[in-house]
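For reference, the structure is listed below as structure tokens.
The values are calculated or read from the model by the stated rules, or taken from the named source; none is laboratory data. Computed from a predicted structure; not experimentally measured. Don't worry about glycine lacking a Cβ; one is built from the backbone with ideal geometry, like all the others, and counts go over all protein chains shown.
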């Protein structure tokens, strides 16, 4: 969603089969204020680098696409972004890797939400590293 990062990706001119969208993900189409710094960004933070991001739902931008895998590490916006991907998740039944460490309640509310939508999948939580950060919920299709 950050113009500077989007432009850096475009400058690389990667010859991969990759489509990059200059949006943030949310549960509705809206503009949101955020702060962008060299190492991180976040909604609701105050600072001199405040910017406005255009946010959309994954259901809107990928409505005609098949999605096999979703990975999210979007600094606490995971729950809202998942709500905006409800149709894709319920129809395509992708594998997911969702970070659940940004907010204390994420481990519960995200797991519960996805368990309702994908009861046939297996659920795993893995902690990557020796600190609280980098805890990921994996939701995998049963074979």
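Regarding residue 9, is this residue under 19 Å from the mean Cα position of the chain (by Cα), more than 17 Å from residue 74 (Cα to Cα) and modelled with pLDDT of 80 or more?
yes
Please note which strands (runs of 3 or more DSSP E) are completely contained in the range 15-130 and include at least 1 residues that are at pLDDT below 90 and within 17 Å of residue 1 (Cβ to Cβ).
Those strands (runs of 3 or more DSSP E) span 30-36, 41-43, 50-56.
Evaluate the range 95-117: report whether one residue or more is out of contact with any helix residue (DSSP H, G or I) (no Cβ under 9 Å at 6 or more places or on another chain) and at positive phi.
The answer is no, given that none of the residues of the range 95-117 is out of contact with any helix residue (DSSP H, G or I) (no Cβ under 9 Å at 6 or more places or on another chain) and at positive phi.
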